[in-house]
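Take a look at the structure set out below.
The values are calculated or read from the model by the stated rules, or taken from the named source; none is laboratory data. Note that the structure is predicted; figures quoted are calculated from it, not measured. We place every Cβ from the backbone using ideal geometry, glycine too, and count neighbours over all the protein chains shown.
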Amino acid sequence: MAVTVPQTRYASSGEVRIAYQVVGNGPIDLVFVPGFISNLEVHWEDPGYEHLLHRLGAFTRLILLDKRGTGLSDRVDTHHLPTLETRMDDVRAVMDAAGSTRAVLLGASEGGPMSILFAATYPQRVRALVLYGAYAHFHSWVMGRERLVEFMRGAESSWGSGASLASFAPGRLQDERFRAWWARFERLSASPTAAVALARMNAEIDVRQVLPSIRVPTLVLHRREDARVKFAGGRYLMERIPGARFVELSGRDHPIWTGDVDRVVDEIEEFLTGSRPVTVHDRVLATIVVARPVAPQRQAARRGDRTWRELLTRLHGAAKECIARYGGQSIGSSSEEFSARFDGPARAVRCALALADTACSLGLDVACGVHTGEIELGEGGVAGLAIHCAERICARAQTGEVLASGVVADLVAGSGLNFAEHGTELIEGFESPLRILAVADDRRRQPYAAPQAGEGRSSPNLDLLSAREREVIVFVADGLSNAAIARRLSISEHTVKRHVANILLKLDLPNRAAAAALAGRQRSL
C-alpha cells in the first residue's frame, strides 16, 4: 500500500535551514523532537514509524522536524559544534514557520533534553511536555566516556551498515527487513562524520539543573529494559520535574516507533485529551500472513536484476491470486514483501503453504510467518501488534518454511494441520515469550486415519508419549477441557495446550477427538 509522504518545508534558524513536516489538523499542536538521528522522508518507509505518526496525527496537528545535523536539515560544523541552546532554538524556528504559537513538546531520547530546555526557557509557548526514553545527563544514563569512544569508533568504521541497531533495538536484529531499513536510515540521516559529531554533541548534554524549573504538565514514559537509556534516567526526570507523571512501559527496544506503539500513543492521548481513543468498533480478530524472499540481495545477485524483477512480478501476481482463493485480503506489499489478513486461521496457514509452494515452483526462496491477534482497521489501512508479530515470525523462518505462533496452532486444532515446536520468540507487547511452531505440509505429513480392513496399518503407539502426555491424553479421553485438566494436574492451561499439540504431532493425529478415541480404544484392550 503506497504511503503519502507529507510535503517537506524549511524553517530558518539563523543561517541554518531546518526541515519540517506537518501531519493532521487536530486542535492541539504537537512538536515531535526526535532522537539521535532522523530523516523525515525515510521515517514513512517503516510501518511502525508510519503507524506512530498517523496515530499522533489523528488527535493533534503533528509538527515533525529533523534536528540540525541530521536528515534533511543543514549539517553542523564538526569543528565548532553548536550548543544545546542553539539546537533548542531550532524548535522555536520550526514552530514559528508552522504558525504554532503554543504547542505540546514530545521529546524522544536525545530530543528530550532539547524539549526540557525549551519548556524551561519558553514556558509561555509550551502547553505540556511529554518525554519518552529521555534523560537529563548523557554520561549518567546513556553511556560512559569509554563506551562513547567505542561507539564513535564503530560509527567511523561501520556507519551505514545498520551495525548500530544492536545498541538501539536488539529485539529487531533477526528481522531482515527492519535491518535493511535501519541501514538505509543510518545512511540517509547522517554521514559517518556527522554521526560522530552528533555523538560528541550529545555527550555534552546535562540539563539536571533545569528540571526543577519546569512548570508545565509533564508525562514521562520509559521502557523498563530500555537498551539505550537506563530506566533510572526516566525515574530521575519524574522525581525532579514538579508534578510529573511517570508511566512504566514493557520492552527493551529503545526507539519510540518499535514495540507496542499503540500503548505509547494511548498514554499520550489520554494525557493530552483526558481520554483514550474508543476503538472497539474498528478492532477485529484476524490471522496475518507475512511472506518475503529469503536473502533477497543474494538471490538478486545470483539471477541478475532483470530476471529477479520478472520473478518478483510473477510471484506477486501468483500471491494475489492465492490470497483471494483462500478468502484473504491483501493489507500491503512492497517489492520484497507481501502480507494479508484472513478471518479463519486454518485458511491463512494453508494459504501460506500454497505461497511457499508457488515460490518454490518459480525457483525462489521464500519464508512465511502467521499469527492471530487483534488488528485496527482505519482509513489509513490496517495496523496492530499482530502484524508486527507476524513480521517477526516471518523473519525467523528459513527457505520454504512456514512458521506460526502458538495462538494459531491452538485455534486450528482439528483442521488436519500439523505442527512441530520451533522454540519461542520474545516480542515486545507480550508479557512472556511467544511459542513458535513449524507448519508441516499435509502432503509430507498425512493426518492420522483409522486403518481400513486389509491395510495392515498399526495403531499409533502411546509409548511415544512422555509420562505427563499420557496423563493428559487419558483426561482428554474422559472429555475434560484444557482448563479442567490444568486443575487436575496443577499446571497452567497454556501448558496443557502445548501437551495436546505435542500428542497430536507425535501420534500423527488430526484432532483432539481422534486422540480421545485412540486413548479410549487403548484402555479397552
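When only residues in segment 337-380 that are small (Gly, Ala, Ser) and part of a helix (DSSP H, G or I) count, which is farthest from His54 (Cα to Cα)? If you could, list the steps in order and put the result at the bottom.
Quick first cut of segment 337-380, residues small (Gly, Ala, Ser) only: 339-340, 344, 346, 348, 352, 354, 356, 359, 361, 363, 367, 369, 373, 378, 380.
With the extra rule that they be part of a helix (DSSP H, G or I), the set shrinks to 346, 348, 352, 354, 356, 359, 361.
On the way: Ala346: 32, Ala348: 28, Ala352: 29, Ala354: 34, Ala356: 33, Ala359: 34, Ser361: 39 Å.
My answer is Ser361.
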So how many residues does segment 1-40 have that are outside any loop (DSSP other than H, G, I, E, B) and under 25 Å from Ala194 (Cβ atoms)?
14
Given the structure, is Ala449 out of contact with any Phe, Trp or Tyr (no Cβ under 6 Å at 6 or more places or on another chain), at pLDDT below 85 and either surrounded by 14 or more Cβ atoms within 10 Å (Cβ to Cβ) or not polar (S, T, N, Q) (or both)?
yes
Only listed residue being farther than 20 Å from Met201 by Cβ, of a type outside the set (S, T, N, Q), more than 31 Å from the chain's Cα centre (by Cα) and surrounded by 15 or more Cβ atoms within 10 Å (Cβ to Cβ), chosen from Arg125, Arg102, Arg92:
Arg125
Taking into account only those residues within segment 5-19 that are under 19 Å from Asp89 (Cα atoms) and polar (S, T, N, Q), which is surrounded by the fewest Cβ atoms within 10 Å (Cβ to Cβ)?
Ser12
Identify the single condition in (1) within 24 Å of Ser13 (Cβ to Cβ); (2) touching a Phe, Trp or Tyr at 6+ places or on another chain (Cβ under 9 Å) that Asp90 does not satisfy, given that it satisfies every other one.
(2)
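Residue check: is Ala120 at pLDDT 95 or above and of a type in the set (A, V, I, L, M, F, W, C)?
On the way: at pLDDT 95 or above: no; of a type in the set (A, V, I, L, M, F, W, C): yes.
The answer is no for Ala120.
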Only residues that are surrounded by 13 or more Cβ atoms within 10 Å (Cβ to Cβ), part of a helix (DSSP H, G or I) and of a type in the set (Gly, Ala, Ser): list them for segment 317-336, please.
Ala318, Ala319, Ala324
Has segment 493-514 got at least one residue that is at pLDDT below 75 and surrounded by fewer than 14 Cβ atoms within 10 Å (Cβ to Cβ)?
yes
Could you please find all residues in segment 178-196 being in a helix (DSSP H, G or I), buried (at least 21 other Cβ atoms within 10 Å of the Cβ) and not charged (D, E, K, R)?
Phe178, Trp182, Phe185, Ser189, Ala195
Filtered residue count, segment 401-430, keeping only those that are over 18 Å from Gln174 (Cβ atoms) and in a loop (DSSP other than H, G, I, E, B)
6
Filter segment 410-446 down to the residues that are touching a Pro at 6+ places or on another chain (Cβ under 6 Å) and either β-branched (Val, Ile, Thr) or not assigned by TED's automatic domain parsing to the domain that holds Gly384 (or both), then identify the one that is modelled with the highest pLDDT.
Thr424
Would you be able to tell me the number of residues in segment 351-409 that are under 19 Å from Arg177 (Cα atoms), among the polar types (S, T, N, Q) and in contact with a His (Cβ under 8 Å, 6 or more places away or on another chain)?
0
Residues in segment 156-180 that are over 13 Å from the mean Cα position of the chain (by Cα), farther than 18 Å from Arg228 by Cβ and not polar (S, T, N, Q) total 3
